[in-house]
Amino acid sequence: MAAPMAERDNYLETEINSLTMAENNSESVSKDGEGTDYILQFVEKEIGCDLKALGKVSGMLEKLKAENKALEEQVMTASSSVPLRVSAAIETAEKSRSDLDSLLHRERVLSNTLQQHLQGAQSWADSLGQTLGQLDIIEKHQKYLQCLARIEELSDSIQQCLMTSSTWEAVGAIGTMANLDLSLQESGCSHLQAFLRETLHFWHKILKDRLAGDFEEVLTQLHWPFISPPTPSLSPPANTQELNSQLELLVSQLLALQTSDDLISEKESSSRLGLPQPSPLSLPIKIMMVPLSKRFRYHFTGNRQTNSLNKPEWYLTQALMWMGNNSNFMEEKIQPILDHSGANINAKVELCRGLLFLAQEKLALDASRLLYDDALFCHLVDEVLQFEKELRTTHQYPSTLPGALHILLEEAVFQKWLSVERKMALEKVDAMLSAEGAWSSQYRDITDMDELKAPDCAETFMTLLLVITDRYRSLPSPRAQLSFLALQRELVDDFRIRLTQVMKEESRNPLGIRYCAILNASNYISAVLTDWGDNVFFLQLQQAAVALGDEVLGPLGATETGRLASLEGSLFEELLGLLERLRGDMMGRLLDAVMRDVKEKTQTYIRDRWLSLPSQHDQATMSLSSSACPMMLCLRDHLLQLQQLLCLPLFQMFWQGLAERLDLFLYQDLILYNHFNEGGAAQLQFDMMRNLFPLFGHYCKRPENFFKHVKEACILLTLNVGPALLLRDLLRQAEEDTAVLEGQQPSPEAALNEMGVFRLTPYDVSILLGLRASWPEQ
């Protein structure tokens, strides 16, 4: 058996070597170790440990040899085909180059031929260009003559229509002529345009005058205009239906002449009035305005007694009356005709526009003559504001159209208005501060209305600012509104300075009525300005101020501009800061005065015999220390007095500040200054808990929270001996950093918190425990 096994092993080794060589030739393995590993893995995978499967080796070897031969043939075939492909590519490239050279040669020949042809044809082109230029000139002349012929044709047509009373045909011809005028506006034919415009003006005037005459006759029969309110007793004309038909026909024909009327009418410039260019009145309304315009100019120009500079309300009221008297006629008679004609015109608004323009002309003239008379100028402004208000509300004049306020925005008039407002406001401030009841509240006897306890001068001042706001609120220009806002801020700052001056005079008696009134005034102004900062109108002005930059309110700075843009700040933020500073300074002076009085009344109480007072068990009942009575009475009187003099927010600020200062004073000057036996500590606790704290209990539910130093000191001074000893030992150990750090005992802070001590530090507690006189070793 040994011989066959040895023979089989030799055979297996031979086969493995053959497989290794075949694999090396086919895959070209770079490293021998890796190739051998691959062969071993391959044999292990195909044969495994089954010796009976060794017979497959020869078949596998033949298969691999066949694959190796096929691969060698493929490599040889690819190697032999490469030179053939390269040579074919070279031949193709050479052929392409030859074709390209041929094309370039043909292009040069063609280019030379074309240049010669162009040079030969240039003379023909020049000759043809001259001919085309002449044709173009002839064509222009032809069109020019055609326009002239068209104008003559239309002119003859209009003349013929007027002679035969064919009004609608004449209107149509004039409309066509007006459209021709519009089409020639972009051309450079100035003489032709002038001729056309003169012809149009000639025929338009003739036809307009004829229609206007008939229109005015119909209006007269319909009792137009209504100078006084129409009365029901006025009987309608017998031929009302016929008049209405004529009215409709004439209005329609006049509307058809609107385009030509706009072209030939001299458009009156409104720049001197500070007005944007308005669209012209419709032709029927313009004719209807003639009698009203005559009456207006008759009464309010020239030497008439009704033309008075100190009575602008006369002509303004007259314009408003005419608007009201004639509005029904416009809505009932004219508006249906306009709607039927497809004209987008509001008859009532057109009437208001016509009368408003008369008032604007008169206002512009009067305003320039009143710039040097403050009283009359102020009266004019008041009347214009009232006129504008009634125009917008009663007569529903659209806000998109300019009104009478635009007259006041002309630069000279507007600057005069600002200066007069400033002057009048300062005069009123002087008067209100010097009035007898300036520092008393007019609602002092009405409890429900006197929450802020604002003195009369402060309330009158804010009313003055509110009136100024109402006056400029309706101005159509944000720039003008911001100018008035700057004036208001200037007035508020001036009033603050005046309050500061009066406060310094009254600082010798900070508990007086006037001093507290000044404090209430500053608080009232701050409250009103804070409310204004959230008002929609002032928020809109705030955005306008950000958009306009530094033009009106001066340099704002990047930070302030960002705050205004994000609505985090307000336009009154700087003033509120100054008023808050004034209020804080005055409150500090007031607290200092009260504390001086309290400290004076407390000296006997501080020097009381705290170390020798009898124990609580030796007394039948505890009572307030006699030495504390002056202090308690002083506090009670001041609290009651200032509760009557100060508004609620200021009084809350006062008593809380007083409690804070009194807490520190009693802690530092009374408690830390003395030593206490058991009876002294109990008496101090009784005086504080049962007498001092209840004085402030009228203003809050837990007054002891405002006396934390005193309350916690009383807790420690009245602590039983046992807990006090333990607390003292804990504090000493904490100072030595031994047991506490090792976690064997709670921290001093935790122990103090369990006793209700949160404000005082362990060091403060150690000092307070040292003030106790009742220790066992003592």
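The values are calculated or read from the model by the stated rules, or taken from the named source; none is laboratory data. Given the structure is predicted, the values throughout are model-derived calculations rather than measurements. Using ideal geometry, Cβ is built from the backbone for each residue, glycine included, and neighbour counts are taken over all protein chains shown.
For the range 608-628, state whether one or more residues are farther than 26 Å from Ala773 by Cβ and either at pLDDT 95 or above or surrounded by 14 or more Cβ atoms within 10 Å (Cβ to Cβ) (or both).
First pass over the range 608-628, keeping only residues farther than 26 Å from Ala773 by Cβ: none.
Checked against the condition, which is being farther than 26 Å from Ala773 by Cβ and either at pLDDT 95 or above or surrounded by 14 or more Cβ atoms within 10 Å (Cβ to Cβ) (or both), the range 608-628 yields no hits at all.
Within the range 643-655, track down each residue that is over 19 Å from Met631 (Cβ atoms) and not in a loop (DSSP other than H, G, I, E, B).
Within the range 643-655, Gln644, Leu645, Leu648, Pro649, Leu650, Phe651, Gln652, Met653 meet the criteria.
From the list Cys161, Cys147, which residue is assigned to a helix (DSSP H, G or I) and touching a residue at least 40 places away in the same chain (Cβ under 8 Å)? I'd like the intermediate steps shown before the answer.
Details: Cys161 fails: touching a residue at least 40 places away in the same chain (Cβ under 8 Å).
Result: Cys147 is the single residue among Cys161, Cys147 that is assigned to a helix (DSSP H, G or I) and touching a residue at least 40 places away in the same chain (Cβ under 8 Å).
Give just the number: which of (1) in contact with a helix residue (DSSP H, G or I) (Cβ under 8 Å, 6 or more places away or on another chain); (2) within 17 Å of Asp663 (Cβ to Cβ); (3) basic (Lys, Arg) does Arg702 not satisfy?
Among (1) in contact with a helix residue (DSSP H, G or I) (Cβ under 8 Å, 6 or more places away or on another chain); (2) within 17 Å of Asp663 (Cβ to Cβ); (3) basic (Lys, Arg), Arg702 violates only (1).
Answer yes or no: is there a residue in the range 721-728 that is among the small types (Gly, Ala, Ser) and part of a helix (DSSP H, G or I). Outline the logic, then answer.
Keep residues of the range 721-728 that are among the small types (Gly, Ala, Ser), which gives 722, 724.
Add one more test, that the residue is part of a helix (DSSP H, G or I), and what stays is 722, 724.
Yes, because at least one residue in the range 721-728 is among the small types (Gly, Ala, Ser) and part of a helix (DSSP H, G or I).
Regarding the range 576-594, can at least one residue be identified that is exposed (fewer than 14 other Cβ atoms within 10 Å of the Cβ), acidic (Asp, Glu) and assigned by TED's automatic domain parsing to the domain that holds Leu548?
Just the residues of the range 576-594 that are exposed (fewer than 14 other Cβ atoms within 10 Å of the Cβ), to begin with: 577, 580-581, 584, 588, 592.
Those still in the list that are acidic (Asp, Glu) too: 580, 592.
Now narrow it down to the ones that are assigned by TED's automatic domain parsing to the domain that holds Leu548: 580.
Within the range 576-594 (the criterion being exposed (fewer than 14 other Cβ atoms within 10 Å of the Cβ), acidic (Asp, Glu) and assigned by TED's automatic domain parsing to the domain that holds Leu548), the answer is yes, since at least one residue qualifies.
Filter the range 388-421 down to residues that are part of a helix (DSSP H, G or I) and either over 16 Å from Leu376 (Cα atoms) or not hydroxyl-bearing (Ser, Thr, Tyr) (or both), then give me how many there are. Reasoning before the result, please.
Looking only at the range 388-421, we keep the residues that are part of a helix (DSSP H, G or I), and these are 388-393, 405-408, 411-421.
Checking which are either over 16 Å from Leu376 (Cα atoms) or not hydroxyl-bearing (Ser, Thr, Tyr) (or both) leaves us with 388-393, 405-408, 411-418, 420-421.
Summing the residues that are part of a helix (DSSP H, G or I) and either over 16 Å from Leu376 (Cα atoms) or not hydroxyl-bearing (Ser, Thr, Tyr) (or both) in the range 388-421 gives 20.
Restricting attention to the range 139-157, and to residues there that are among the small types (Gly, Ala, Ser) and more than 60 Å from the chain's Cα centre (by Cα), which single residue is surrounded by the fewest Cβ atoms within 10 Å (Cβ to Cβ)? Show your work before the answer.
Applying the first criterion (among the small types (Gly, Ala, Ser)) to the range 139-157 yields 149, 155, 157.
Narrowing the set further to residues that are more than 60 Å from the chain's Cα centre (by Cα) leaves 149, 157.
Working: Ala149: 10, Ser157: 19.
Of everything passing the filter in the range 139-157, Ala149 is surrounded by the fewest Cβ atoms within 10 Å (Cβ to Cβ).
Scan the helices (runs of 4 or more DSSP H) fully inside the range 672-717 and keep the ones with 2 or more residues being in contact with a Pro (Cβ under 6 Å, 6 or more places away or on another chain) and not aliphatic (A, V, I, L, M). Can you show your working first?
Values: elements: 678-687, 693-696, 708-717.
Correct list: 693-696.
Which one is nearest to Asp261 (Cα to Cα), of the residues in the range 177-199 that are part of a loop (DSSP other than H, G, I, E, B) and free of Cβ contacts under 8 Å to residues at least 12 places away in the same chain? If you could, list the steps in order and put the result at the bottom.
If we filter the range 177-199 for residues that are part of a loop (DSSP other than H, G, I, E, B), which is where we start, we get 184-189.
So of that shortlist, the ones also free of Cβ contacts under 8 Å to residues at least 12 places away in the same chain come out as 185-188.
Numbers: Gln185: 16, Glu186: 20, Ser187: 21, Gly188: 23 Å.
Result: Gln185.
Kindly evaluate Ser260 against the criterion of being in the same structural domain as Gln318 (by TED's automatic domain parsing), at pLDDT below 90, over 15 Å from Met330 (Cβ atoms) and of a type in the set (Ser, Thr, Tyr). Quick ask: steps written out before the conclusion?
Details: in the same structural domain as Gln318 (by TED's automatic domain parsing): no; at pLDDT below 90: yes; over 15 Å from Met330 (Cβ atoms): yes; of a type in the set (Ser, Thr, Tyr): yes.
Answer is no for this residue.
Over 22 Å from Leu591 (Cα atoms) and either β-branched (Val, Ile, Thr) or crowded, with 17+ Cβ neighbours inside 10 Å (or both): which single residue out of Phe676, Phe696, Phe651 fits that description? Don't jump to the end; show me each part of the working.
Details: Phe696 fails: over 22 Å from Leu591 (Cα atoms); Phe651 fails: over 22 Å from Leu591 (Cα atoms).
Only one candidate passes the filter, namely Phe676.
Kindly establish whether Glu742 is at pLDDT 90 or above and not hydrophobic (A, V, I, L, M, F, W, C). Write out each step before concluding.
On the way: at pLDDT 90 or above: no; not hydrophobic (A, V, I, L, M, F, W, C): yes.
Here the answer is no, as Glu742 does not meet what is asked.
Please verify whether Ile151 is modelled with pLDDT of 85 or more and under 20 Å from Ala212 (Cα atoms), treating the condition exactly as stated.
Values: modelled with pLDDT of 85 or more: yes; under 20 Å from Ala212 (Cα atoms): no.
No: the conditions fail for Ile151.
So Leu664 ticks every box in (1) buried (at least 17 other Cβ atoms within 10 Å of the Cβ); (2) modelled with pLDDT of 90 or more but one. Which box is left unticked?
(1)
Residue under question is Asp687, and the condition is that it be crowded, with 19+ Cβ neighbours inside 10 Å and either acidic (Asp, Glu) or on the phi > 0 side of the Ramachandran plot (or both); does it hold?
Numbers: crowded, with 19+ Cβ neighbours inside 10 Å: yes; either acidic (Asp, Glu) or on the phi > 0 side of the Ramachandran plot (or both): yes.
For Asp687, the condition - crowded, with 19+ Cβ neighbours inside 10 Å and either acidic (Asp, Glu) or on the phi > 0 side of the Ramachandran plot (or both) - is met.
Answer with yes or no whether Gly129 is farther than 26 Å from Asp209 by Cα and assigned to a loop (DSSP other than H, G, I, E, B). Give the derivation first.
Numbers: farther than 26 Å from Asp209 by Cα: yes; assigned to a loop (DSSP other than H, G, I, E, B): no.
It is false that Gly129 is farther than 26 Å from Asp209 by Cα and assigned to a loop (DSSP other than H, G, I, E, B).
Of everything in the range 501-522, what is polar (S, T, N, Q) and over 13 Å from Gln643 (Cα atoms)? Give them in sequence order.
Residues of the range 501-522 polar (S, T, N, Q): 501, 507, 509, 520, 522.
Across the range 501-522, the qualifying residues are Gln501, Ser507, Asn509, Ser522.
Restrict the check to the range 501-509 and report whether at least one residue is within 27 Å of Ser419 (Cβ to Cβ), assigned to a helix (DSSP H, G or I), out of contact with any strand residue (DSSP E or B) (no Cβ under 8 Å at 6 or more places or on another chain) and modelled with pLDDT of 90 or more. Outline the logic, then answer.
Taking the range 501-509 first, the residues within 27 Å of Ser419 (Cβ to Cβ) are 501-502.
Add one more test, that the residue is assigned to a helix (DSSP H, G or I), and what stays is 501-502.
Now restrict to residues that are out of contact with any strand residue (DSSP E or B) (no Cβ under 8 Å at 6 or more places or on another chain): 501-502.
In the following step, the residues that additionally are modelled with pLDDT of 90 or more were identified as 501-502.
Checking the range 501-509: at least one residue is within 27 Å of Ser419 (Cβ to Cβ), assigned to a helix (DSSP H, G or I), out of contact with any strand residue (DSSP E or B) (no Cβ under 8 Å at 6 or more places or on another chain) and modelled with pLDDT of 90 or more.
Out of (1) closer than 30 Å to Asp592 by Cα; (2) assigned to a helix (DSSP H, G or I); (3) of a type outside the set (S, T, N, Q), the odd one out for Leu491 is which?
All conditions are met except number (1).
Is it the case that some residue within the range 422-430 is in a helix (DSSP H, G or I), out of contact with any His (no Cβ under 7 Å at 6 or more places or on another chain) and within 14 Å of Ser474 (Cβ to Cβ)? If you could, list the steps in order and put the result at the bottom.
Filtering the range 422-430 for residues in a helix (DSSP H, G or I) gives 422-430.
From what is left, the residues that are out of contact with any His (no Cβ under 7 Å at 6 or more places or on another chain) are 422-430.
Going one step further and asking which of them are within 14 Å of Ser474 (Cβ to Cβ), we end up with none.
So far as the range 422-430 goes, no, none of its residues is in a helix (DSSP H, G or I), out of contact with any His (no Cβ under 7 Å at 6 or more places or on another chain) and within 14 Å of Ser474 (Cβ to Cβ).
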